[in-house]
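J.: Below: one structure in structure tokens.
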Amino acid sequence: MIVRQIPRIETGCMSYLIGDPSSRSAAVVDPTEEPGVFLDEARTLGLRIERVIETHTHQDHLSGAKALAVGLQVPIHLPFKSPAKYPHETIAENSRLRLGDSELRAIHTPGHTPDHMTYVLGDAALVGDCLLVGTVGRADFYPAGPEDLYHSIFDKILRLSDEVVVYPAHYGPHHGLPEDRFTTLGKERRFNEALTVKSKEDFIRYMMEGWPPKPSGWREISERNTSA
Ligand SMILES: [Fe+2]
């Protein structure tokens, strides 16, 4: 499986171009607003973008998913809990999306947002903002966020093997994160501060204390990302 990270340096957002090496069938996951970078990268790698996929409803930046899918006339796939009001294909819990001979397995991992999903392809996991390098995604956009995130991480993500390469949707100093753009589950299991808590109660406390303010205008951003 080809996994190409496409960072947006000004905002620390990470998009992904993933492709099946034999059929050259590809998908873009969590595209930011500049469609040209995805088209250029696909052309360079000889890949054909056949799907656009979101891990969750973004609250901190405008998504380019709908515009990219419409421009390419390909389906857009959103988590089954997505509040999006525009036409889309729904990704169910534990469903599989084919990309040529390869497939993505979808796991519902709420906490950062209620609709959040993680996509596993071979030994790679596109974890969105569920798990980040050295920490986890903020979980204060809705009341049950911290508890949902606990179950998503401890009951689902950490069931995957240590060798799994973790690809997050944010990186770098813009988000108070290291410059590392990916990690492994084994490394995070040992060194991630949020994962070393002793109990669910400790984790919930950790998620509720000392986080920076929510992104400015997050309600409007979320509204625009889901409008018809
Ligand atoms: Fe997010």
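The values are calculated or read from the model by the stated rules, or taken from the named source; none is laboratory data. These numbers were taken from a predicted model, which means no experiment stands behind them. Note that each Cβ is placed from the backbone with ideal geometry, even for glycine, and that neighbours are counted across all protein chains shown.
One line per residue, one yes/no per condition, for (1) within 19 Å of Ser227 (Cα to Cα); (2) among the hydroxyl-bearing types (Ser, Thr, Tyr); (3) touching a helix residue (DSSP H, G or I) at 6+ places or on another chain (Cβ under 7 Å); (4) touching a residue at least 40 places away in the same chain (Cβ under 8 Å):
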{"site": "Pro7", "(1), (2), (3), (4)": "no, no, no, yes"}
{"site": "Ala27", "(1), (2), (3), (4)": "no, no, no, yes"}
{"site": "Asp30", "(1), (2), (3), (4)": "yes, no, no, yes"}
{"site": "Glu54", "(1), (2), (3), (4)": "yes, no, yes, no"}
{"site": "Val70", "(1), (2), (3), (4)": "yes, no, no, no"}
{"site": "Ala84", "(1), (2), (3), (4)": "yes, no, yes, yes"}
{"site": "Ala92", "(1), (2), (3), (4)": "no, no, no, no"}
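J.: Would you mind stating whether Arg205 is surrounded by fewer than 16 Cβ atoms within 10 Å (Cβ to Cβ), of a type outside the set (A, V, I, L, M) and either within 15 Å of Leu149 (Cβ to Cβ) or touching a Lys or Arg at 6+ places or on another chain (Cβ under 9 Å) (or both)?
T.: So Arg205 fits the description; yes.
So that you can scan it fast, the table gives a plain yes or no per residue for (1) within 16 Å of the ligand (Cβ to nearest atom); (2) farther than 23 Å from Lys214 by Cβ; (3) exposed (fewer than 15 other Cβ atoms within 10 Å of the Cβ):
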site: Met1; (1), (2), (3): no, yes, no
site: Arg8; (1), (2), (3): yes, no, no
site: Tyr16; (1), (2), (3): yes, yes, no
site: Arg51; (1), (2), (3): no, yes, no
site: Ala106; (1), (2), (3): no, yes, no
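J.: Criterion first (under 16 Å from the mean Cα position of the chain (by Cα) and either at pLDDT 95 or above or within 16 Å of the ligand (Cβ to nearest atom) (or both)) does Val74 satisfy it? Show your work before the answer.
T.: Working: under 16 Å from the mean Cα position of the chain (by Cα): no; either at pLDDT 95 or above or within 16 Å of the ligand (Cβ to nearest atom) (or both): yes.
So Val74 fails the test.
J.: Is it true that some residue in segment 118-137 is surrounded by 14 or more Cβ atoms within 10 Å (Cβ to Cβ), closer than 30 Å to Leu39 by Cα, in contact (Cβ under 8 Å) with a residue 40 or more places away in the chain and among the hydroxyl-bearing types (Ser, Thr, Tyr)?
T.: Checked segment 118-137: at least one residue is surrounded by 14 or more Cβ atoms within 10 Å (Cβ to Cβ), closer than 30 Å to Leu39 by Cα, in contact (Cβ under 8 Å) with a residue 40 or more places away in the chain and among the hydroxyl-bearing types (Ser, Thr, Tyr).
J.: Return yes when Glu93 is modelled with pLDDT of 95 or more, under 30 Å from Phe154 (Cα atoms) and buried (at least 16 other Cβ atoms within 10 Å of the Cβ) and no when it is not.
T.: On the way: modelled with pLDDT of 95 or more: yes; under 30 Å from Phe154 (Cα atoms): yes; buried (at least 16 other Cβ atoms within 10 Å of the Cβ): no.
No: the conditions fail for Glu93.
J.: Moving to a separate point now. Look through Pro110, Pro173, Pro87, Pro143 and report the one residue that is touching a strand residue (DSSP E or B) at 6+ places or on another chain (Cβ under 9 Å), away from the ligand (no atom under 16 Å from the Cβ) and either more than 20 Å from Gly64 (Cα to Cα) or not aromatic (Phe, Trp, Tyr) (or both).
T.: Numbers: Pro110 fails: away from the ligand (no atom under 16 Å from the Cβ); Pro173 fails: touching a strand residue (DSSP E or B) at 6+ places or on another chain (Cβ under 9 Å); Pro143 fails: touching a strand residue (DSSP E or B) at 6+ places or on another chain (Cβ under 9 Å).
Result: Pro87 is the single residue among Pro110, Pro173, Pro87, Pro143 that is touching a strand residue (DSSP E or B) at 6+ places or on another chain (Cβ under 9 Å), away from the ligand (no atom under 16 Å from the Cβ) and either more than 20 Å from Gly64 (Cα to Cα) or not aromatic (Phe, Trp, Tyr) (or both).
J.: Then there is this: Of (1) modelled with pLDDT of 95 or more; (2) of a type in the set (Asp, Glu); (3) in contact with a Phe, Trp or Tyr (Cβ under 9 Å, 6 or more places away or on another chain), Glu179 satisfies all except one. Which?
T.: Result: Glu179 fails condition (1) only.
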